[in-house]
Amino acid sequence: MEAYFDNSATTKPKGEVVDIMLKSLTDYYGNPSSLHKKGVEVEKLVKEARKQLAKSLYAKPEEIIFTSGGTEANNLAILGTIKSKKREGRKIITTKIEHPSVLNVYKTLENEGYEVVYLRIDEYGMISIDELKENLTDDTILVSIMHVNNEVGTIQPIEEIGKILKKLKKRPTFHVDAIQSFGKIKISPQKIGIDLLSVSAHKVHGPKGVGVLYIKKGTKIQPIVFGGSQETGIRSGTENVPGILGFGAAVSDFNNKIEEHIEYIKNFREKFKEKILAQVKDIKVNGHETCHAPHILNISFSGIRGEVLLHYLEQYNIYVSTGSACSSNKKSSQSHVLKSMKLTNEQIEGAIRFSFSYTNKMEEMDYAIEKIKNSVEELRMIIKR
C-alpha cells in the first residue's frame, strides 16, 4: 500500500487533466494568437479554462492572468505593484512566515531602499491585527499576507484585514498568497477586498508549471516580463496551452464538488489527528487549534529528527514532509515558520508535515498510523542505545 500525505508539496494530476494535456500536444497544438482555425480553436479552449478559474474565485474572466506558477504569480503581484506605485510610497507590510517566493522578493526590495515590516506571529502562527494597524501609514503601498501557511496550516484573518484596508483614505494594494488555500477553502477576493491573489495548479491536482494571478479590475500593476503582450500585456509570452487546459480541467472538477471535497479532507484530518494522538506518545500538534486549513497537520515527534522519520517511512511507501518543498534543499536551515512560533530546537527538528487530499483513503490512514507508531518506537529505541 502507498500513503501519499505530501499534498501541500504537490498533488497527483487527475486523469482528465492528463487526458486534455495530451490532447493539447497531439491535436490542439496551435498558437492561440494565430488567426487561422488551429489558433482560434485553441484560443476558445484557453478562454474556457479562464472561465473555470474565474468561477472558482467568483471573479470575471478578464481578472485572471495565467503565469508559470505560484512563484511567478507572487513575484508579479509584488514587483508589478511596486513599479506602478513607486511615487506613492516605499513601505510594505507582510509577515515573518511567508513563502520563500514572497520573502526573497522583499529581501531584494529592502536592498533597494524599501521599508518592509514583517509582522510577528504568536505560538499558533497567527498575526496580530493590532500590530498591522499600528504599522499602516500613508506611505504604505502594499499589504501582502498569505491566507494559509504552507507548513502549519494556520489561517490568517484576511477578511478582517480587508475590512480594515477598505476604511483607509489612502488604501494600499492588498495581495494574498492563496496557493495553499485554493481548492480547500472557498474564497471570494472581490467580497473580501483583495486586489491581487496568487494560486497554483499543481496544488489542486493540476499540472506543474502553471499558476494564476487574480487582478481586480482597476488595480494598478505593471508587467515584469515583456514580449508579445499576451495576457492583456501583463504577462507576455506564448501561453502554456497544455498547462492552462490542465489547470482548467482540474478546477472544473472541484468547482462542482468543492463542498464535498472540503468536508472529506476536514474529516480525514480530524480522524488522523485523533488516532495519532491516541497511538503515538510524546508528540505535539503545531498550529492553531481552530483557525487551520482542512488539509495540513504539523506534528513534532519528541526525541526524533523529522528528516530521519521521513526517510524511515519511505520503506513503507509513506510520503510526508519536514516543511516547505520549495526550500527543502537548504539542508542546514531550520523552518523559519516554526522558529517564529518559538518552538524549541527539538520540536523544530522533530516536525513532520502531513498534508491530505480528497483522494486519500481511510485505509491509507490506518496503515500509515500503524507504521508511524512502530517506526517512532523503533527509532526512539535505537537513539536510546
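For the structure I just gave you, tell me whether LEU168 is assigned to a helix (DSSP H, G or I) and more than 21 Å from the chain's Cα centre (by Cα).
no
Check ASN104, ASN75 and return the single one that is surrounded by fewer than 16 Cβ atoms within 10 Å (Cβ to Cβ), outside any loop (DSSP other than H, G, I, E, B) and within 19 Å of the chain's Cα centre (by Cα).
Residue meeting the stated conditions: ASN104.
Being out of contact with any helix residue (DSSP H, G or I) (no Cβ under 9 Å at 6 or more places or on another chain) and surrounded by 15 or more Cβ atoms within 10 Å (Cβ to Cβ) is the filter here, so list the residues in segment 279-302 that pass it.
Selection gives GLY287, HIS288, CYS291.
In segment 250-278, what residues are among the hydroxyl-bearing types (Ser, Thr, Tyr), within 18 Å of SER355 (Cβ to Cβ) and touching a helix residue (DSSP H, G or I) at 6+ places or on another chain (Cβ under 6 Å)?
Answer for segment 250-278, where residues must be among the hydroxyl-bearing types (Ser, Thr, Tyr), within 18 Å of SER355 (Cβ to Cβ) and touching a helix residue (DSSP H, G or I) at 6+ places or on another chain (Cβ under 6 Å): there is none.
Considering only residues of segment 164-184 that are of a type outside the set (Ser, Thr, Tyr) and under 21 Å from ASP122 (Cβ atoms), which is surrounded by the fewest Cβ atoms within 10 Å (Cβ to Cβ)?
Applying the filter and picking the extreme gives ILE164.
On the given criteria, is VAL116 of a type in the set (A, V, I, L, M, F, W, C), surrounded by fewer than 20 Cβ atoms within 10 Å (Cβ to Cβ) and in a strand (DSSP E or B)?
The answer is yes for VAL116.
Which ranges mark the helices (runs of 4 or more DSSP H) fully within segment 262-380 that have 1 or more residues being more than 23 Å from ILE121 (Cβ to Cβ)?
In segment 262-380, 306-314 are the helices (runs of 4 or more DSSP H) which contain 1 or more residues that are more than 23 Å from ILE121 (Cβ to Cβ).
Kindly evaluate GLY206 against the criterion of being under 19 Å from the mean Cα position of the chain (by Cα) and either outside any loop (DSSP other than H, G, I, E, B) or touching a residue at least 60 places away in the same chain (Cβ under 8 Å) (or both).
Against the criterion (under 19 Å from the mean Cα position of the chain (by Cα) and either outside any loop (DSSP other than H, G, I, E, B) or touching a residue at least 60 places away in the same chain (Cβ under 8 Å) (or both)), GLY206 qualifies.
Taking ASP138 as the residue in question, decide whether it is assigned by TED's automatic domain parsing to the domain that holds THR71, assigned to a loop (DSSP other than H, G, I, E, B) and out of contact with any helix residue (DSSP H, G or I) (no Cβ under 9 Å at 6 or more places or on another chain).
So ASP138 passes the test.
Taking segment 60-72 as the search range and keeping residues that are buried (at least 19 other Cβ atoms within 10 Å of the Cβ) and of a type outside the set (Gly, Ala, Ser), which one is farthest from PRO207 (Cα to Cα)?
Residue satisfying both the conditions and the ranking: GLU63.
Go through (1) in a loop (DSSP other than H, G, I, E, B); (2) modelled with pLDDT of 95 or more one by one and return the number of the condition LYS86 breaks.
Here LYS86 meets the rest and fails (2).
The values are calculated or read from the model by the stated rules, or taken from the named source; none is laboratory data. In this text the structure is predicted, and so the values were computed from the model without any measurement. Positions of Cβ are backbone-derived with ideal geometry, glycine not excepted, and every protein chain shown enters the neighbour counts.
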